[in-house]
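Derivation of every value follows stated rules applied to the coordinates shown; laboratory data play no part. Given the structure is predicted, the values throughout are model-derived calculations rather than measurements. Note that we place each Cβ from the backbone using ideal geometry, even for glycine, and neighbour counts take in every protein chain shown.
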Amino acid sequence: MLSRLIKHLIAKFYIRVVAFWLALKAKDLSVTAIVLTILMVSYAISPIDLIPDFIPVLGYLDELVIIPTLLYLINAITKKTTTEKYLGIAIRHLEMGNKPIFKLGIIIVISSWILVALVIFNLTN
């Protein structure tokens, strides 16, 4: 029962991630929504996580907090008609078996790791 609910929530989040990714590609978002969407899509779609999943609890907890929070913020500042339009497009996109690819996301996540490493290095020296 609980696992079915979690899978359902993850599917809904994923559709929204794809919807905003498509809106981003179509340049149909405000400047603030563009920045938040780049961060969210980078994090959600990138095969590299900021906190790797093999780290117990934190590996998944970050995704359960960061992605929904960014989705909430993007949704709050995006016109409802735009969100609904791209949700429909995202559902059709996924039904055709298309998966989003966001190469910039990999660069952003790797850059984040480097930035964290530099901060830690500077704090320890």
Using a cut-off of 17 Å between alpha-carbon atoms, which lysines can reach Lys85, once sequence neighbours fewer than 8 places away in the same chain are excluded?
Lys12, Lys25, Lys27
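If each residue's Cβ is checked for other Cβ atoms within 10 Å, how do Leu36, Leu104, Leu22 rank with the fewest at the top?
Numbers: Leu36 24, Leu104 12, Leu22 19.
Fewest-to-most Cβ neighbours within 10 Å comes out as Leu104, Leu22, Leu36.
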